[in-house]
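What follows is a set of notes on a single structure, which appears directly below.
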Protein chains: 2
Amino acid sequence: MGTGHIKKSITRWHEMLESRDMSILNELLAEEVVFRSPMAFTPYSGKQVVFFILTNVIQVFENFRYHREFLSEDGNNVVLEFSANVGDKKLKGIDMIQFNDEGKIIDFEVMIRPKSGLEALALEMGQRILAFQANT
Amino acid sequence: MGTGHIKKSITRWHEMLESRDMSILNELLAEEVVFRSPMAFTPYSGKQVVFFILTNVIQVFENFRYHREFLSEDGNNVVLEFSANVGDKKLKGIDMIQFNDEGKIIDFEVMIRPKSGLEALALEMGQRILAFQANT
């Protein structure tokens, strides 16, 4: 499988978060990418909507830091553990990311704990989506 | 590191869930194990309380199935992806488990999505904890 591509993509992902250069996100997402939110069961599909969600989530998290990294045996799936603050709430979370053999992200699932952190994130994201809809 | 011990412990974990033989859980948990709940930020400490929580969570989940497995580079940490139902709610989750070099579980963190699934689990677990307290 494409382990070399995927290690490079994970490195690019970290570079994106450090530099806040969202053109890297554009380069990493596959056209058919699916996003599975910590809030809703039904996934979001397509590069444009997933780009919008991820750029906003990144802005909402404060003191964002990655910790452990976990790989599937085939090397095409990774779990990145993180911690962050949203307002006065502390939270833990994971990004569970599936890559295709070209190293593009095809599935991005986020889980957050505890419940108070998830609720704080849901509130902030809801406000951003409403503001976006009001401006379009 | 103790990768051989840990692969054996992961196998034992799966055997426990299939057989519902909770003596295996007793064998796998270290005395000083810490449990990080999807509901609350503050962790629970100690084998007795973690044993109680895990045996109850296992009973609450219906149609429980594991999917992808992810390992940290040092082999001492694993993420197990699962899906389950609680009542009429579907949920996804992960067990993020840290082992010591003897293959005993020292840290067990659970994350659940979406919010409706987490709330259904919280409700069921709350009732079980109340029933337990009423009987002791």
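The values are calculated or read from the model by the stated rules, or taken from the named source; none is laboratory data. Only a predicted model underlies this, so the values are computations on that prediction, with no experimental measurement involved. Please note: Cβ atoms are built from the backbone with ideal geometry, for glycine as well, and neighbour counts cover all protein chains shown. Calculation scope for accessible area: heavy atoms of the full protein, side chains included, ligands and nucleic acids excluded. Shrake-Rupley method; radii C 1.70, N 1.55, O 1.52, S 1.80 Å.
Scanning the stretch B:89-118 for residues that are more than 18 Å from B:L25 (Cα to Cα), out of contact with any Ser or Thr (no Cβ under 6 Å at 6 or more places or on another chain) and either touching a residue at least 24 places away in the same chain (Cβ under 8 Å) or among the polar types (S, T, N, Q) (or both) yields B:K90, B:L91, B:G93, B:M111, B:I112, B:S116, B:G117, B:L118.
Contact annotation: residue pairs with Cβ atoms under 6 Å, 6 or more positions apart or on different chains, pairing a residue in the stretch B:1-29 that is farther than 13 Å from B:I105 by Cβ with a partner that is modelled with pLDDT under 95 and charged (D, E, K, R), are B:M1/B:D74. If the condition is being out of contact with any Pro (no Cβ under 8 Å at 6 or more places or on another chain), within 13 Å of chain B (Cβ to nearest Cβ) and either open to solvent by 10 Å² or more (accessible area, probe 1.4 Å) or not small (G, A, S) (or both), then the stretch A:82-91 contributes A:F82, A:S83, A:N85, A:V86, A:D88, A:K89, A:K90. Scanning the stretch A:107-127 for residues that are in a helix (DSSP H, G or I), surrounded by fewer than 21 Cβ atoms within 10 Å (Cβ to Cβ) and under 16 Å from the mean Cα position of the chain (by Cα) returns A:A122, A:E124, A:M125.
In the stretch A:37-65, the residues that are within 20 Å of A:M22 (Cβ to Cβ) reach residues that are open to solvent by 50 Å² or more (accessible area, probe 1.4 Å) and part of a helix (DSSP H, G or I) with C-beta atoms within less than 7 angstrom, at least six apart or across chains, in these pairs: A:F51/A:N26; A:N56/A:R128; A:V60/A:E124.
Any residue at all in the stretch B:54-70 that is assigned to a helix (DSSP H, G or I), modelled with pLDDT of 95 or more and open to solvent by 60 Å² or more (accessible area, probe 1.4 Å)? There is no residue in the stretch B:54-70 that is assigned to a helix (DSSP H, G or I), modelled with pLDDT of 95 or more and open to solvent by 60 Å² or more (accessible area, probe 1.4 Å). Annotation: B:P43 fulfils all but one of (1) at positive phi; (2) open to solvent by 50 Å² or more (accessible area, probe 1.4 Å); the unmet one is (1).
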